[in-house]
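These notes are about the structure you will find just below.
The values are calculated or read from the model by the stated rules, or taken from the named source; none is laboratory data. The structure displayed is predicted, hence computed values, not measured ones. Ideal geometry is used to build each Cβ from the backbone, glycine not excepted, and the neighbour counts take in all protein chains shown.
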Amino acid sequence: MRARLANRLWLWQCAGEHARFLRACRRPSIAQQTLLNDYIKRNAATRFGREHDFHKIKNTIDFIRRVPIADWSRIEPYVRSIANDGEHQALTAERVLFFEETSGSTARSKWIPYTATLRSEFQRAVCAWLHHLHRERPRALHG
């Protein structure tokens, strides 16, 4: 009984995230551009942002031109400088809470820097997903 009540309260709280996600799905290009602009603005003063002229990026085309697709070998120095040297603004303006090590199933493991924003984005995504799951399969969360 307690689990069911807790699930209902949590799902009620998740309704807003689900609605926000559905609004974003109606205009995905705008939602993605808004999110990209926010990331660029918040991280323009980081070493990565300065090296890639984030302050000059106005749209997706600018981003594509200034920020090349990168594999781990191009990102690793930034992550290592945060982890080993305490350079807090190497890759993100936000303080890194911890590093999550990937499993390394296809290559050696990598470190994913977790910030409060990243954690919040994961939580919001899970919230939207579970709210949708509950709407489609209500008994799935009767736990």
For the structure I just gave you, tell me whether Ala90 is among the hydrophobic types (A, V, I, L, M, F, W, C) and touching a Lys or Arg at 6+ places or on another chain (Cβ under 8 Å).
yes
Determine whether the range 24-42 contains at least one residue that is surrounded by 12 or more Cβ atoms within 10 Å (Cβ to Cβ), in contact with a Leu (Cβ under 9 Å, 6 or more places away or on another chain), farther than 19 Å from Trp129 by Cα and modelled with pLDDT of 95 or more.
no
Go over the candidates Ile112, Ile75 one by one and state the one that is out of contact with any Phe, Trp or Tyr (no Cβ under 6 Å at 6 or more places or on another chain), assigned to a strand (DSSP E or B) and not hydroxyl-bearing (Ser, Thr, Tyr).
Ile112
Given the criterion closer than 25 Å to Cys25 by Cα, of a type in the set (A, V, I, L, M, F, W, C), surrounded by 12 or more Cβ atoms within 10 Å (Cβ to Cβ) and modelled with pLDDT of 90 or more, identify the matching residue among Val79, Val126, Val96.
Val126
